[in-house]
Number of protein chains: 2
Amino acid sequence: MLKWWSTVKRVTGKALEMGRSDPRKIIFSAKTGLALTLLSFLIFLKEPFKDMSLYCVWAILTVVVVFEFSIGATLSKSLNGGLGTLLAGALSLGMAELSTLAGKWEQLIIIICIFIVGFSATYTKLYPSFKPYEYGFRVFLITYCFITVSGYQTGEFVDTAINRFVLIALGAAVSLVVNICIYPIWAGEDLHNLVIKNFMDLATSLEGVVSSYLHCVEYKKVPSKILTYQAAEDPIYNGYRSVVESTSKEDTLMGFAVWEPPHGHYKMHKYPWKNYVKLSGSLRHCAFMVMAMHGCILSEIQAPAEKRQVFRGELQRVGCEGAKVLRELGNKVQKMEKLDREDLLDEVHDAAEELQKKIDKKSYLLVNSESWEIGNRPIEDTGEEGEILEHKSRSEAVLDLRTVEVAHSWDGNLTLGNNHVVPATDASQNMSRKQTSLPAHIYHQKSNAEIKEGQQLKTFESASALSLTTFSSLLIEFVARLQNLVDSFEELGETANFSDPLEQREPLKSHGFWTRLFNCS
Amino acid sequence: MLKWWSTVKRVTGKALEMGRSDPRKIIFSAKTGLALTLLSFLIFLKEPFKDMSLYCVWAILTVVVVFEFSIGATLSKSLNGGLGTLLAGALSLGMAELSTLAGKWEQLIIIICIFIVGFSATYTKLYPSFKPYEYGFRVFLITYCFITVSGYQTGEFVDTAINRFVLIALGAAVSLVVNICIYPIWAGEDLHNLVIKNFMDLATSLEGVVSSYLHCVEYKKVPSKILTYQAAEDPIYNGYRSVVESTSKEDTLMGFAVWEPPHGHYKMHKYPWKNYVKLSGSLRHCAFMVMAMHGCILSEIQAPAEKRQVFRGELQRVGCEGAKVLRELGNKVQKMEKLDREDLLDEVHDAAEELQKKIDKKSYLLVNSESWEIGNRPIEDTGEEGEILEHKSRSEAVLDLRTVEVAHSWDGNLTLGNNHVVPATDASQNMSRKQTSLPAHIYHQKSNAEIKEGQQLKTFESASALSLTTFSSLLIEFVARLQNLVDSFEELGETANFSDPLEQREPLKSHGFWTRLFNCS
């Protein structure tokens, strides 16, 4: 009994929690209940509407089937269903005429027709372009069978067809009125917010990647969820993953949004929802670069901390400026404003140029000059000169590379150091790092000859420095892709008629509960 | 009339085309028609089954709603619906008892109950964990309303409930029998094939990326569809995109496959479909690297052709070996065999090591040594030695970098050259290349000081060489990620009890039509 009580408490708690986090769910449920209740009054109708009362279950059924979370979904289902019913009604009446003409073959004709209609409707709905109308095909088939069957039983085809259509139309109408007039939930607004969220998520992820890289965060064991691209708790990973994964959600929302009439801030016939999806696609194109940068952190081959510190300032600046651009664009989408300055990308481009120049100057840090063919060749050729050169190259290594090692506490920020390790949250969920290791395989398995191993160690060292190059190149490529993002944004701003911030400054705050409650439009 | 005829011909052509490309669609449609036909015989039933005949439309309705393409989907919908009907029946009977007790308040109680049940069922189904059971909740709500309403009208609650349940059960049973016994279409098999297809697609994409890179294929205008991550016709892009995009498809198929009984090659209770999805996730983790490599081709900053030629052999070998591993794994999944040798990755690891060594030796090609700080410092410090060094560094540039330029027709394969351009299929669909260009912005906009411009040009040159490093690093990281893929494969092989190729060699060809037609179970 006590256990039962605790279960009830737990379930109630979860239910309340869901309601608190998204009150629209409570409102939607109440709306569904209201629509059902309104229609169930039909059962108390007396003559001359007895017929309506008898078949009122069809109206209720329509509500259950048609009532969807967003207005767009409800509209598209209603119209689909309505069209399906109409066509099926017409077809079944025609078939009924035909079958009565057939006399004693009537039953056979009915059966054959059901097979043919069932086959054709199912086959047609499998055609890829008809996928959004799947529901309409189902309603068509149900109605056809229903009218044929009950018409055969009662002999009143036309009455049945009309009756059913009126009730379905009534159900759909009540659904629509209740759904639109009371606190409407628009798919378009959801899409709008999803795109904004994507911008913010990616900005967070980008900052996270750059700062983790500079703080030399290492995964001792890469969570197997990341290795198999499942949802994981890592905030950096989650940021870009949600951007990449939102494609299907966006497509669904767009499919509903196009059915919605102009409303709220989207007062425009044929609002360009497609451009929102396109903008999000451009954002995704940038997100892939962040993903690849995260790959540098996940990788076994890691650039040494002291080399990363050399480029610290530049990398950080590019990361910050990039995130700033993303946030700015996200805010602009939210406010539905055009860009107020044309030089949005200037800062980030400058930062990228700085980084590029720094790399250019310090690129000796990124390669392993000791193993150069051309560095060794002169020793055999010219003797002395070569020695000097080699000496130089050694001194480089000692002077430049090693001295930077004291930069561990370069600017006070770097407290994590080289060996910082993300704690494994759940050991059973993580694969051993070793399993994913290329160098472990390459560099240890064949350790027969000691000399070769030495060579391999150097190769590994060089590879680890190249990893820094890769990270920087990817960051620069990310910056390059921002232009495309801005272009997509400007296209959206044009087509969706975003306001010009220089002309007007009208606050676009979301309305209060009561304003929205009666916001019929 | 002629126009109408041509439309008919076109539609018929498309319909036949769809049937040819996937005959299962024809079979599925015929099965649906058959199930409907079987149940429509109910309408001709005479006493004592008159009741069955009157309400037989419910059975037909169930078929239309429940009959799905794959067995798993049909099963899960049937069971969901069955459970929903049972619960709703029980609840509505209880409520009916209650409302009759209420006497003159009966109608009010009915209305209130409909609201409460409608609200609760809708609210519960919005809880994320209940999402797969959405259909069950709908059926529950429909049944509850139906029994309450028609029970109130006829006064026969129990009869209505039982009648409806029997008919729904009959409809579901006929659907299942027809769907399973005649040419069954298993979601599990679709999932299996999807995973294999993903392996093959990625292998093709990898080979395409490497060979395009070596042939210096450039996009004069990057298709805007790629920039906004929409489906495009580019074969390289499509390969990895379909791998990345298949997540939701895999999840859906897995959701159905777990409902399916052991069958065909999957003779095992609780077959580990989850591991297929996991394997595909690991493959996706590799695909992201191929995607990033393709990014190097899409990028404005391009490594010069002559430098790419230096690493041609190594890059090509890694690409080929990588694709070979992917194909081998795909074939093993298809044959449901474990790996027959443990050294599957040896070749590709060797190739990657070769590439790494080559990079190590030739890394001077990847950086712009002229602008090194340390390269210039010795001139001021030590005079003569510095001059020698600088001379060396110049001669490097002349001797090594420029001479490779003649390697344009190095091995006869390179006919495309540096200026090969992918023709823009539809000009209006492509954004101008300039728009996405970082260097154009950075390096040309500020061309006030001539000297600065010279510097910038060098910076750009250096950046373009770094692009080659990035490509190689990404390729090596791709190879590193293969280990994780092999681990996932081995896990699948263990849990799914794949056959050991060393023990038995049983051909697992797909069966012929007639074998499958009667392949019940």
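Just one of B:124, B:74 is more than 18 Å from residue A:36 (Cβ to Cβ), under 42 Å from the mean Cα position of the chain (by Cα) and among the polar types (S, T, N, Q); which is it?
On the way: B:124 fails: more than 18 Å from residue A:36 (Cβ to Cβ).
Among B:124, B:74, only B:74 is more than 18 Å from residue A:36 (Cβ to Cβ), under 42 Å from the mean Cα position of the chain (by Cα) and among the polar types (S, T, N, Q).
For residues that are among the small types (Gly, Ala, Ser) and surrounded by fewer than 17 Cβ atoms within 10 Å (Cβ to Cβ), tally how many sit in region B:99-136.
Of the residues in that region, 4 qualify.
Restricting attention to region A:136-185, which residues are within 11 Å of chain B (Cβ to nearest Cβ) and aromatic (Phe, Trp, Tyr)?
A:137, A:140, A:144, A:146, A:152
Suppose we keep only residues that are closer than 20 Å to residue A:178 by Cα and among the charged types (D, E, K, R) within region A:20-36. Which one would you say is surrounded by the most Cβ atoms within 10 Å (Cβ to Cβ)? Before you say what the answer is, go through the steps one by one.
Taking region A:20-36 as the starting set, the residues that turn out to be closer than 20 Å to residue A:178 by Cα are A:22-36.
After this cut, where a residue has to be among the charged types (D, E, K, R) as well, the list is A:22, A:24-25, A:31.
Working: A:22: 11, A:24: 14, A:25: 19, A:31: 23.
Going through the qualifying residues, I end up with A:31.
Check whether at least one residue in region A:130-153 is over 26 Å from residue B:66 (Cβ atoms) and part of a helix (DSSP H, G or I), and report yes or no.
Within region A:130-153, none of the residues are over 26 Å from residue B:66 (Cβ atoms) and part of a helix (DSSP H, G or I).
Would you call residue B:338 basic (Lys, Arg) and at pLDDT below 90?
yes
Out of A:268, A:293, report the one residue that is surrounded by fewer than 24 Cβ atoms within 10 Å (Cβ to Cβ) and either facing another protein chain (nearest Cβ under 8 Å) or within 26 Å of the chain's Cα centre (by Cα) (or both).
Among A:268, A:293, only A:268 is surrounded by fewer than 24 Cβ atoms within 10 Å (Cβ to Cβ) and either facing another protein chain (nearest Cβ under 8 Å) or within 26 Å of the chain's Cα centre (by Cα) (or both).
Considering A:91, A:98, which residue is of a type outside the set (Val, Ile, Thr), more than 9 Å from chain B (Cβ to nearest Cβ) and over 18 Å from residue A:163 (Cα atoms)?
Working: A:91 fails: over 18 Å from residue A:163 (Cα atoms).
Going through A:91, A:98 in turn, just one is of a type outside the set (Val, Ile, Thr), more than 9 Å from chain B (Cβ to nearest Cβ) and over 18 Å from residue A:163 (Cα atoms): A:98.
Which condition breaks for residue B:17 when tested against (1) within 11 Å of chain A (Cβ to nearest Cβ); (2) surrounded by fewer than 23 Cβ atoms within 10 Å (Cβ to Cβ); (3) in contact (Cβ under 8 Å) with a residue 12 or more places away in the chain; (4) assigned to a helix (DSSP H, G or I)?
Going through the list (1) within 11 Å of chain A (Cβ to nearest Cβ); (2) surrounded by fewer than 23 Cβ atoms within 10 Å (Cβ to Cβ); (3) in contact (Cβ under 8 Å) with a residue 12 or more places away in the chain; (4) assigned to a helix (DSSP H, G or I), residue B:17 breaks only (3).
Mind telling me which of the residues A:90, A:96 ends up being hydrophobic (A, V, I, L, M, F, W, C) and crowded, with 22+ Cβ neighbours inside 10 Å?
When all the criteria are applied, what remains is A:96.
Could you grab me the full set of residues in region A:329-357 that are part of a helix (DSSP H, G or I), surrounded by fewer than 18 Cβ atoms within 10 Å (Cβ to Cβ) and within 14 Å of another protein chain (Cβ to nearest Cβ)?
Across region A:329-357, the qualifying residues are A:346, A:347, A:350, A:354.
Could we say that residue A:219 is under 15 Å from the mean Cα position of the chain (by Cα), crowded, with 17+ Cβ neighbours inside 10 Å and among the hydroxyl-bearing types (Ser, Thr, Tyr) here?
no
Here's a check for you: in region B:56-66, which residue that is at the interface with chain A (Cβ under 8 Å from one of its Cβ atoms) and in contact (Cβ under 8 Å) with a residue 12 or more places away in the chain is nearest to residue B:29 (Cα to Cα)?
Filtering region B:56-66 for residues at the interface with chain A (Cβ under 8 Å from one of its Cβ atoms) gives B:56-57, B:60-61, B:64-65.
Those still in the list that are in contact (Cβ under 8 Å) with a residue 12 or more places away in the chain too: B:56, B:60-61, B:64-65.
Working: B:56: 22, B:60: 15, B:61: 16, B:64: 11, B:65: 14 Å.
My answer is B:64.
Hey, among A:233, A:189, which residue is over 30 Å from residue A:317 (Cβ atoms), within 27 Å of the chain's Cα centre (by Cα) and surrounded by fewer than 21 Cβ atoms within 10 Å (Cβ to Cβ)? Spell out how you get there, then give the answer.
On the way: A:233 fails: over 30 Å from residue A:317 (Cβ atoms).
Selected residue: A:189, the only one of A:233, A:189 that is over 30 Å from residue A:317 (Cβ atoms), within 27 Å of the chain's Cα centre (by Cα) and surrounded by fewer than 21 Cβ atoms within 10 Å (Cβ to Cβ).
Test residue B:225 against the criterion of being farther than 26 Å from residue B:475 by Cβ, within 14 Å of another protein chain (Cβ to nearest Cβ), touching a residue at least 40 places away in the same chain (Cβ under 8 Å) and surrounded by fewer than 21 Cβ atoms within 10 Å (Cβ to Cβ), and give yes or no.
Values: farther than 26 Å from residue B:475 by Cβ: no; within 14 Å of another protein chain (Cβ to nearest Cβ): yes; touching a residue at least 40 places away in the same chain (Cβ under 8 Å): yes; surrounded by fewer than 21 Cβ atoms within 10 Å (Cβ to Cβ): yes.
Judged against the criteria, residue B:225 is not a match.
Considering each residue of region B:197-225, count those that are more than 30 Å from residue A:274 (Cα to Cα) and at pLDDT below 85, and give that number.
2
The values are calculated or read from the model by the stated rules, or taken from the named source; none is laboratory data. All values reported here derive from a predicted model rather than from experimental measurement. Virtual Cβ from ideal backbone geometry, glycine too; neighbours counted across all protein chains shown.
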